[in-house]
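Report on the structure given below.
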Amino acid sequence: MPHARPKLLIVDDDADFRESLAAFLQAHGYEVVHAANSEQGLLRARLEKPALIIMDLMMNERTEGCFAIQQIRSSPELRDVPVFVASALYQRAPDFGIPPERSWLGHDEFFAKPVDLPRLLEAIRRRLGGQPTPTGEAQP
């Protein structure tokens, strides 16, 4: 029986980034939904039940994504959903004192913008266990 394509949620205030990343991920067999801010993102996450969330940190508010991740981690229905951060935080604030490798946010992976798409795709496949095919069937 075919499996549904894994659904990914992109939360970012940059429409060009959302659309280009969505097109890339859809071309690799994923279903993609997106939101322009953390409020919309949290609502979509609860409604859509994504397999993984890609979250920007600095949107309308500088720490908007940080608070959204805290809400995800404290929500029983969302706490186990992997969250990948895609952010220009260290470009905009190079003196920010906490390295991205440290799990201070509760995120699973950190990707600096501009995002290395092959690295992101590999991390998604590794996290979700397999690679979707165009027909939606998971590969072993």
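Where a number appears in this text, it was derived from the coordinates with a stated rule and is not lab data. As the structure is a computational prediction, the values presented were derived from the model and not from experiment. When we count neighbours, we look across all protein chains shown, and the Cβ atoms used for this are built from the backbone with ideal geometry, even at glycine.
Above 17 Å, the calculated P(r) of segment 40-84 contains 22 percent of its Cα-Cα pairs. The stretch between ASP108 and GLN26 holds 27.4 nm of extra length on full extension. This uses 0.36 nm per residue minus the Cα-Cα distance.
Between ALA88 and LEU57, MET58, LYS113, the built amide H atoms are under 5 Å apart, and every one of these is 5 or more places off in sequence or on another chain. With a cut-off of 14 Å between beta carbons, the residues surrounding GLU48 carry a summed charge of +3, where Lys and Arg count +1 and Asp and Glu -1. Dividing the convex hull volume of the alpha carbon atoms of segment 1-90 by its residue count gives 92 Å³ per residue.
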